[in-house]
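This report refers to the structure that appears directly beneath it.
Values quoted throughout were computed directly from the atomic coordinates according to the rules given, and no laboratory measurement underlies them. The shown structure was predicted, so the numbers you read here are calculated from the model rather than taken from an experiment. Glycine gets a Cβ as well: all are built from the backbone with ideal geometry, and neighbour counts include every protein chain shown.
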Amino acid sequence: MCIDKLKLHKEVMLEIIVFAFGVLFISLFWRNNLLLTSLLFLLWLVALKFWHKKDDFIFFITAAIIGSLGEMVCVQFFAWQYSNPLFLGIPPWLPLGWGVFVVLIKRISETITKNLALL
């Protein structure tokens, strides 16, 4: 039982680190669309390779599409704007951001739920 808790704590820490890198990348490199798109894509590939489940890919694609469409609509209705957009008012890295962060939210919530079950 103790090993399971340790494994889950390690898992949630890894997920939080990936989240922190995503936030850091966006905060530092939002002016450079190509660099930020590349970094978020690389972050996704590393996460996918090492610990994502099969259904995470579906969550990623769904979030990237639906999140981006919602952003495009809001930008077109002047709710907000991006300072470095390339297509329909959004930057090219935004779909990757939506995908990565939705999957991370899903994974972190699953890990927390597993931890609660061990208490």
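Only residues that are more than 26 Å from LEU28 (Cβ to Cβ) and part of a helix (DSSP H, G or I) were counted in the stretch 101-119, giving 10. Residues that are more than 17 Å from PHE19 (Cα to Cα) and free of Cβ contacts under 8 Å to residues at least 60 places away in the same chain were ranked within the stretch 33-52; the one that is surrounded by the fewest Cβ atoms within 10 Å (Cβ to Cβ) is LEU34. Restricting attention to the stretch 8-32, the residues being farther than 26 Å from PRO95 by Cβ and either touching a Gly at 6+ places or on another chain (Cβ under 9 Å) or exposed (fewer than 12 other Cβ atoms within 10 Å of the Cβ) (or both) number 2.
Scanning the stretch 67-78 for residues that are in contact (Cβ under 8 Å) with a residue 12 or more places away in the chain and of a type outside the set (Asp, Glu) turns up GLY67, SER68, MET72, VAL75, GLN76.
Table: residues versus (1) touching a residue at least 40 places away in the same chain (Cβ under 8 Å); (2) of a type in the set (A, V, I, L, M, F, W, C).
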residue: TRP80; (1), (2): no, yes
residue: ASN84; (1), (2): yes, no
residue: VAL102; (1), (2): yes, yes
residue: ASN115; (1), (2): yes, no
